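**Student:** Questions regarding the structure given below will be posed in turn.
Rule-based calculations on the coordinates, nothing more; no lab input. What you are looking at is a predicted structure, and each value in this text was computed from that prediction instead of being measured. Counting neighbours? That spans all protein chains shown, and the Cβs are built from the backbone with ideal geometry, glycine included.
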Amino acid sequence: MKTQLKKGALDMCVLAVLARRDSYAYELASTLATAMDMGEGTIYPLMRRLQAESCVSTYVVESTSGPPRKYYSLTGIGRRRLLEMQAEWRSFVDEVNGVLQHQIEQ
């Protein structure tokens with residue numbers, strides 16, 4: 001169940017990080033790995049999908065410590081998707097908490 005919950009929440013978490021600031025894939029993976037115990041290989045297919053869905057756009061920045069980095073930026077579509085997902089998440093958490101609370105009271 002833990003893996004399924006993570007997978008379902010990962011899009012929302014990536015969009016939330018990008019709502020704070022633009023980031024490149026490795027930086028996103030590192031941030032999320034710390035918070036969610038997520039593998040680095042998970043981020044690249046996710047970012048390609050979010051870009052295909054127009055939730056993120058990209059731009060390239062030269063790096064002094066290696067090859068140029070592709071940065072991801074949240075689009076208007078991505079921002080709206082994030083707000084929708086956050087509302088759905090809050091509703092889901094409330095529903096689960098209601099069931100759990102009812103179970104405890106019995």
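**Student:** Only one of SER65, SER91, SER30 is over 14 Å from the mean Cα position of the chain (by Cα), under 24 Å from THR3 (Cβ atoms) and of a type in the set (S, T, N, Q); which?
**Tutor:** Answer to the check: SER91.
**Student:** Still on this structure: Only residues that are among the charged types (D, E, K, R) and not in a helix (DSSP H, G or I): list them for the range 42-77, please.
**Tutor:** Selection gives GLU53, GLU62, ARG69, LYS70.
**Student:** Looking at the range 57-81, which of its residues are surrounded by 14 or more Cβ atoms within 10 Å (Cβ to Cβ) and touching an Asp or Glu at 6+ places or on another chain (Cβ under 9 Å)?
**Tutor:** Within the range 57-81, ARG69, TYR71, TYR72, LEU74, ILE77, GLY78, ARG81 meet the criteria.
**Student:** Let me ask something additional. Between LEU15, LEU28, which is in contact with a Lys or Arg (Cβ under 8 Å, 6 or more places away or on another chain), assigned to a helix (DSSP H, G or I) and crowded, with 16+ Cβ neighbours inside 10 Å?
**Tutor:** LEU15
**Student:** Also, quick follow-up: Of everything in the range 42-56, what is over 13 Å from LEU18 (Cα atoms) and either in contact (Cβ under 8 Å) with a residue 40 or more places away in the chain or exposed (fewer than 11 other Cβ atoms within 10 Å of the Cβ) (or both)? Give them in sequence order.
**Tutor:** PRO45, ALA52
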